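Taking it in order: structure first as C-alpha cells, then the write-up.
The values are calculated or read from the model by the stated rules, or taken from the named source; none is laboratory data. The shown structure was predicted, so the numbers you read here are calculated from the model rather than taken from an experiment. All Cβ positions, glycine included, derive from the backbone under ideal geometry; neighbour counts span all protein chains shown.
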Amino acid sequence: MLVEQQKKNIQELKHNLYDTKAGMKFLQMKYQEDFNRLGMHLHGLAHAASGYQKVLEENRKLYNLVQDLKGNIRVYCRVRPLLPGQTNRSNTFDQIDDGKITIVTPSKYGKEGRKSFSFNKVFGPLSMSVYLLMVTMSVYLLIC
C-alpha cells in the first residue's frame, strides 16, 4: 500500500513536471514573440525619429532662408593666401570649419593664444575668387 501510494505520488509529480515544462515552453515562446514585436516597434520608432530630425533640419534651413530674404546681414570671412616670400610666423589659422575659424596668435612668452570667430561662411586661403563671388552672388540673387 505504501509503495503504491509512492508510485501514485511519483506519477503525479511527473505529470506536474510535464505541465510545468509545457507552461515554461509556452512562456518562452510568448516572451520571444513579445520581444520580436518590441524590436519591430523600436525599429519603427527609430525610423520615425530619423525622419523627424530630417524635417527639423529642413525647417531650420527654410527659416534661415526666409530670414535671409527679409534682409539679414550675412558676414563672410576669407583667409588671404600668403604672398610670395611671406612667412606665416606672426598669425596663422589653426582650423577652419564651415562657419568658424580658429586663429593662433603667439605671445611674447612663447605661449600660443587661440581665438575662435564665427561667420556665416569661412573661405580658406585656397578658395578661388570666382567661387567666393558665386557664393555671395547666389545670396544676392535670391534676395532680388
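Here are the numbers for this structure:
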quantity	calculated
Answer from ARG60, ARG80 - the residue that is modelled with pLDDT under 90, surrounded by 10 or more Cβ atoms within 10 Å (Cβ to Cβ) and closer than 22 Å to VAL135 by Cβ	ARG60
Residue match in region 92-99 (condition: at pLDDT below 75 and among the hydrophobic types (A, V, I, L, M, F, W, C))	yes
Failed criterion for GLN95 (all others in (1) free of Cβ contacts under 8 Å to residues at least 12 places away in the same chain; (2) surrounded by fewer than 11 Cβ atoms within 10 Å (Cβ to Cβ) hold)	(2)
Scope region 114-135; condition surrounded by fewer than 10 Cβ atoms within 10 Å (Cβ to Cβ), of a type outside the set (S, T, N, Q) and farther than 20 Å from THR102 by Cβ; matching residues	MET128, VAL130
Test: VAL139 is of a type in the set (A, V, I, L, M, F, W, C), surrounded by 10 or more Cβ atoms within 10 Å (Cβ to Cβ) and at pLDDT 80 or above	no
Selection from region 53-69 of residues that are of a type in the set (D, E, K, R) and under 20 Å from the mean Cα position of the chain (by Cα)	LYS54, GLU57, GLU58, ARG60, LYS61
